[in-house]
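Below you'll find the structure, written out as structure tokens, and then a few comments.
The values are calculated or read from the model by the stated rules, or taken from the named source; none is laboratory data. All of these numbers come straight from a predicted model, not from anything done at the bench. Here the Cβ is made from the backbone with ideal geometry for all residues, glycine too, and neighbour counts use every protein chain on show. The area values use the complete protein model at the heavy-atom level, side chains included, leaving out ligands, DNA and RNA. Shrake-Rupley method; radii C 1.70, N 1.55, O 1.52, S 1.80 Å.
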Amino acid sequence: MNASTRSADSRSSRQSQADRSRELLQPKLLAQLSSLELVAKTVVDGFFTGMHRSPFFGFSQEFAEYKAYNDGDDPRFIDWNVYARTDRTYIKRYLGETNTAINLIVDVSASMGYSSGEVSKLRYAKFICATLAYLARKQHDAVGATLFDDKIRETVPPASHPDTLYRVLAMLERTEAGSGTQINESLQHITSTLSKRGLIFMMSDFYCDTDVLKRNLEVLAQHGHEVALFHILDAGELEPVSIREMRSPSTLKDLETGNEVKVTADFMREDYPARIAAHIKALEKMALRCGFAYVPCNTAQPLDDVMRQFLLTRQQQR
Amino acid sequence: MSLLAPVFLAGLLAVVLPWWLHRLSRDNPPLQDFGSSMFLQAGETTSSKQTQLRYKKLFSLRFLLLALLALLFAEPALQLSKLIGTSDYRQIMIVDTSLSQRLGDRWPTTIELVGQQLDDVSASDEVFIVSASHQFQQPEGDNSVTAAREQLAQLKPGLTRLNYGQLASAIDSLVEQSNLPVAVHLFTDTQATAMPARLSDLTLDGIDRFTIHSTAAAGEANLAITGQLDYSADAMADISVIVANYSDVSTEATVQLQADDSALDAVNLSIDANSSAVHRFTKVDTSQASNALEVRIAASTSQTDQLAEDNSWLIALPDGAQTEVSLLQSNALANRYATAAIESDPRYMTRTLEGENLSASSAGGLLVIADASALTDRSTTKLKQYLNDGGNALIVVGAEPHVAQMRSLLNVRSATTRQPAANNAGNTDNQPSTFRPQSIGRIDDTHPMTADTSSNWRSVSVLRHLPLTTSEGDRVIVELADGTPLLIERSIGDGRVLVLASALKSSWNGLAVNPLFVAFMVGAIEHLSGFENASLDRSVGDSISVPPGAQLLNPAGEPIRDLSDIKRKGRVVLSERGVYTLRSTTGTELLSVNTDSRESDTRPINSDKIAQWQSASTAENNADTASEDQADNSTGSSTATALTDNNRHTKSLWPWLLALLLVLALCETLYSHRHLRIKREA
């Protein structure tokens, strides 16, 4: 067996392993897992399985220093260029590895409880949140989380302590969809409580006025926070298939306000998709102008796609 | 109506319909959760409008369904005049045009009353003018008031009689044809003799208004005459005359007997009020009369004889010629018996006819067959054709007919019924003593042939007979003691036959040697020829049956029937007063046709009977809303009686509603499925 054959076999083996892992990242399969930690491990491990080399590894933003390699350090961080020049092994350390705080802000309002399939928007947000928290934990970053609906429901301050991950996961586990949404008031409150610069990952369906949201997010950015918006929408909200299949007028009930709206099939088929698309576009435009990462999430979408898109967005921002 | 009737079963299906519709409605999810209504608000207004519009249509359909269902069970009835056309009523003006309406001022009064009634008719009403006498005729024209006035101007009273019983039947048929409420106005003199025996026969169905306008007036009077030929022979006759006085005062009258405008005799009679006087002219020389005598009231002291048409009476005279009776050649002995019996009456003579030559023209309207068992197959076929064309026959079955066709024609069973004595069973026909005689059982006394001879029939003993099978329409005239028919009358084709189920033999019965036999044969001839009452007068408006091969001439000597109709029997209405002549191959008969003597009695019925008639007619139809209204007529002399004004003419609408319900159900189903597109669960 020559080298080229072995290389081909190896690539084939990694590809099939990646396909199997990708299957496991389907939201409906992840929903069957009992704990968020297991979900997070599955996503993270599955996402990186088969990757030869990830250009997106790590969240930290700024190079801090070189450090002599010691036993126990991850050999993947060895700067081989320096080794080539100096014949000594150093590892590259970023600033964030030691003091970057990751804030996960999750909308747990009633609208997030909507589901047209097996996974609600809130549950999908929990998956993303757990995955990011797990990833940050592996990166030894400080991670914290804040849940809100019409007020701040619960908060875990960012910390590098290993238990913080489990506190975050436990908080997510026990949280159910609440009542109405006051996203701007909640952001104002969060802004006042965050003292340390860091990453803010916000997961919501963003049923709010874009301009007001922009003003509040800009305040966070002015405080030195890097913001990423995970816009989570259900497949039924993007493409109301079940309603479109209906041949008669329907009455739709707002999960937050309880308002009942009679809509025609024609409206749901033609007008509504245009309106939601315009809203998404407005959010994306706002994020682009303000330098925020914007990640649209469909609850029917595999999580690795979301992660890949997120990291790609971050890379572009750099 | 039973609950298992198809209509109710269809109704049950309709009851299931709302439940099914409800099921359809439940299939439509009423409410769905949605993440946010943020982007639904803009489209909510228009969709809501469309939705409501569509649901209103569906709601209307379902509401109509339920309403119709309720109406069906309520069996609605609506006033048809508001649904159909613009006419409010069908006004039927029945005008009495009988002879009695000629009395005094009755006819002018009638015209005036009808005119007044037409003045009150709404322009939207339909008006029918009906002339009522022996027939009920509606003049040509449309149904407007103008046309009715023109039709009224053409009417005039005739010489015939009106019967209120027949009038009631005619009104019923007129009402049945109407989809509108019917108002009937009867303009008549309320003659007592026009009333049927039972008042209940006058009950009218389905009318809304029934008003009787009486044209009779107080103080009316009439003298009338009738005559009768009591005896006629050798140009001499006895004539009886009755003069009736229908007034409240006594009077004297001169009665004149004349022949062809020449006076033969005259007599003065004194008649009391509301009474009659009888006089007999004896030994009148009729040689001067061509065909009839006439008695007439030449003069009277009474000033109140207001009807002239009944002041004379025609009496037809027999021409003295013998009438030929055709006797079909058969058994010689039987023919001799029959010939002897028939020719014992000087009016008749017999003519023997070969069976091969039998036809309507050769035999006339009457045929006697003394022994049908002797006829050949061909003769039987001719006989059958003769009867089908309307010929009449007296048939003595004779010994067992050998021709099957004859047995079939007469419904005679092939086996001969015998009643043998105990010690001599099976002997031949020539030994009558071997059979036990059987007496006559039930006799139909109402039949003309036996009305006066039933006691004579009891003396006849029957030794043998053939079993006759009777069918519906057969009339058994004489039965044996065991109930088997001996003499029956039956219709075959257009003709009639009298069938004697025995033979003219002493070994079969004693009829041929019984004095009854002559009366039997003559009576049968008179009955079958239809001239048993020829000596009696006929009334104008009567109809008679003219036998095949015969021609009827009116008083002017003109034939009434076309030649093409002569071969068949037909009925002819005697519409003129005078002497009719009936000519056939067997001879000539004269019929004197006079006015109906019942029309001469012009006295009206009392008001109680009129009230009973009207109440009986309306109580049955409109028991809930009938009202009575009696008013005096504006003429003062006549009494107009208006009764039973019922403004509602209702007709059941449930068949239409049921059909509409089914159509609506179909529309609702199509609308639900195709337009609203209700989602169904998989």
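Screening B:Ala197 on (1) in contact (Cβ under 8 Å) with a residue 24 or more places away in the chain; (2) in a loop (DSSP other than H, G, I, E, B) shows it passes everything except condition (1). When B:Asp189, B:Asp238, B:Asp234 are checked against the criterion of being more than 30 Å from the chain's Cα centre (by Cα) and modelled with pLDDT of 85 or more, a single residue qualifies: B:Asp238.
A quick yes/no check of all residues on (1) more than 9 Å from chain B (Cβ to nearest Cβ); (2) modelled with pLDDT under 90; (3) surrounded by fewer than 17 Cβ atoms within 10 Å (Cβ to Cβ):
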position	(1), (2), (3)
A:Glu218	yes, yes, yes
A:Glu226	yes, yes, no
A:Ile232	yes, no, no
A:Ile243	no, yes, no
A:Leu252	no, yes, no
A:Thr264	no, yes, no
A:Tyr272	no, yes, no
A:Ala282	yes, no, yes
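Here region B:196-218 is the region considered, the condition is being touching a Lys or Arg at 6+ places or on another chain (Cβ under 8 Å) and either among the small types (Gly, Ala, Ser) or modelled with pLDDT of 85 or more (or both), and the residue that is surrounded by the most Cβ atoms within 10 Å (Cβ to Cβ) is B:Thr215. Under the condition of being open to solvent by 10 Å² or more (accessible area, probe 1.4 Å) and within 37 Å of the chain's Cα centre (by Cα), the residues counted in region B:393-406 number 1. Among the residues examined, B:Ser373 does not qualify as closer than 16 Å to B:Ile492 by Cβ and small (Gly, Ala, Ser). Kindly indicate whether B:Leu498 is part of a strand (DSSP E or B), in the same structural domain as B:Pro448 (by TED's automatic domain parsing) and open to solvent by less than 40 Å² (accessible area, probe 1.4 Å). In short, yes. Residues that are open to solvent by less than 50 Å² (accessible area, probe 1.4 Å) and either more than 23 Å from B:Ala308 (Cα to Cα) or assigned to a helix (DSSP H, G or I) (or both) within region B:142-162 comprise B:Ser144, B:Val145, B:Ala147, B:Ala148, B:Gln151, B:Leu152, listed in sequence order. The single condition among (1) closer than 30 Å to B:Lys505 by Cβ; (2) among the basic types (Lys, Arg); (3) surrounded by 17 or more Cβ atoms within 10 Å (Cβ to Cβ); (4) in contact with a strand residue (DSSP E or B) (Cβ under 6 Å, 6 or more places away or on another chain) that B:Lys382 does not meet is (4). The strands (runs of 3 or more DSSP E) located wholly in region B:301-376 that include 3 or more residues which are touching a residue at least 12 places away in the same chain (Cβ under 8 Å), open to solvent by less than 10 Å² (accessible area, probe 1.4 Å) and hydrophobic (A, V, I, L, M, F, W, C) occupy B:323-328, B:366-369.
Would you check if A:Gln222 is more than 11 Å from chain B (Cβ to nearest Cβ) and free of Cβ contacts under 8 Å to residues at least 12 places away in the same chain? For A:Gln222, the condition - more than 11 Å from chain B (Cβ to nearest Cβ) and free of Cβ contacts under 8 Å to residues at least 12 places away in the same chain - is met.
Quick check on B:Pro448: is it under 25 Å from B:Thr339 (Cα atoms) and modelled with pLDDT of 80 or more?
yes
Of all the residues in region B:491-527, those that are at pLDDT below 90, farther than 17 Å from B:Asp452 by Cβ and within 26 Å of the chain's Cα centre (by Cα) number 6.
State which residue is surrounded by the fewest Cβ atoms within 10 Å (Cβ to Cβ) when the search covers only region A:168-189 and only residues that are in a helix (DSSP H, G or I) and over 18 Å from the mean Cα position of the chain (by Cα). So the residue we want is A:Arg174.
How many residues are of a type in the set (Gly, Ala, Ser) and touching a residue at least 60 places away in the same chain (Cβ under 8 Å) if we restrict to region B:223-239?
Result for region B:223-239: 4.
Being buried (at least 20 other Cβ atoms within 10 Å of the Cβ), touching a residue at least 12 places away in the same chain (Cβ under 8 Å) and under 22 Å from A:Thr155 (Cβ atoms) is a property that A:Leu213 has.
Hey, can you tell me all the residues within region B:391-414 that are assigned to a loop (DSSP other than H, G, I, E, B) and closer than 27 Å to B:Phe517 by Cβ?
Start the filter on region B:391-414 by keeping residues that are assigned to a loop (DSSP other than H, G, I, E, B), which leaves B:391, B:397-403, B:411, B:413-414.
Selection gives B:Gly391, B:Val397, B:Gly398, B:Ala399, B:Glu400, B:Pro401, B:His402, B:Val403, B:Asn411, B:Arg413.
Only residues that are assigned to a strand (DSSP E or B) and open to solvent by less than 50 Å² (accessible area, probe 1.4 Å) were counted across region B:280-289, and they come to 2.
Taking B:Leu174 as meeting all but one of (1) of a type outside the set (Ser, Thr, Tyr); (2) outside the structural domain of B:His134 (by TED's automatic domain parsing); (3) in contact with a strand residue (DSSP E or B) (Cβ under 7 Å, 6 or more places away or on another chain); (4) open to solvent by 20 Å² or more (accessible area, probe 1.4 Å), write down the number of the exception. Among (1) of a type outside the set (Ser, Thr, Tyr); (2) outside the structural domain of B:His134 (by TED's automatic domain parsing); (3) in contact with a strand residue (DSSP E or B) (Cβ under 7 Å, 6 or more places away or on another chain); (4) open to solvent by 20 Å² or more (accessible area, probe 1.4 Å), the lone unmet condition for B:Leu174 is (2).
Only a single criterion out of (1) in a strand (DSSP E or B); (2) open to solvent by 10 Å² or more (accessible area, probe 1.4 Å); (3) of a type outside the set (D, E, K, R); (4) farther than 30 Å from B:Ser287 by Cβ is not satisfied by B:Leu180, namely (1). Of the helices (runs of 4 or more DSSP H) lying entirely inside region A:67-143, the ones with 2 or more residues being out of contact with any strand residue (DSSP E or B) (no Cβ under 8 Å at 6 or more places or on another chain) and crowded, with 23+ Cβ neighbours inside 10 Å are found at A:121-138. Please verify whether A:Leu104 is under 20 Å from A:Asp304 (Cα atoms) and either modelled with pLDDT under 90 or among the hydrophobic types (A, V, I, L, M, F, W, C) (or both), treating the condition exactly as stated. For A:Leu104, the condition - under 20 Å from A:Asp304 (Cα atoms) and either modelled with pLDDT under 90 or among the hydrophobic types (A, V, I, L, M, F, W, C) (or both) - is met.
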